[in-house]
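Peer 1: This is the structure, below, for whatever I ask next.
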Amino acid sequence: MMDDSWRTLEAKGLAVNRKMTTEGVALRQHIEDEMDRLTSLPWELLGESRSIEFAERFEPPCEKMLLRIDTTAGPNYQPGSRIR
């Protein structure tokens, strides 16, 4: 499966020899920026203290989910979920 993924990225010019190209990195950053733009309003409306409370309540189950993901997909899956 991983080999297929790299081949797909390489066919699109987004990777070469299992390394992301400048275009691939730029596309990833564009997607991240768009996700931030599209999902920030609810957090802004919730406010800082309630957003922090929400995050603290959901961190324990999310940690359990990441442990399961590590088992099934590997620790390199969803790297953005691992940034603190």
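Each value in this text was obtained by applying a stated rule to the coordinates, not by laboratory testing. In this text, all values refer to a predicted model and were calculated from it rather than measured experimentally.
Peer 1: Where in the chain are the DSSP H helices whose C-alpha atoms run 30 Å or more along the long axis and whose mean Kyte hydropathy is at least -0.5?
Peer 2: Numbers: long enough: 22-46 (36 Å, -0.42); 48-72 (34 Å, -0.65).
Correct list, ordered by number: 22-46.
Peer 1: Still on this structure, please answer the following. Per the helix-only calculation at 222 nm, which mean residue ellipticity applies to the chain, given -39500 (n - 2.57) for every DSSP H run of n ≥ 4 and division by its residues, nearest 500 deg cm²/dmol?
Peer 2: That comes out to -24500 deg cm²/dmol.
Peer 1: Would you work out the relative contact order for the chain, in percent, from Cα pairs under 8 angstrom that are 6 or more residues apart? Walk me through the numbers before you get to the answer.
Peer 2: Details: 22 pairs, mean separation 8.1, N = 84.
It comes to 10 percent, rounded to a whole number.
Peer 1: A follow-up question, please. Indicate the gyration tensor shape class of the chain (rounded, prolate or oblate), computed on the Cα atoms with a ≥ b ≥ c the square roots of the eigenvalues: a/c under 1.5 is rounded; otherwise a/b larger than b/c is prolate and the rest oblate.
Peer 2: Because a/c hits 1.5 or more and a/b fails to exceed b/c, the chain counts as oblate.
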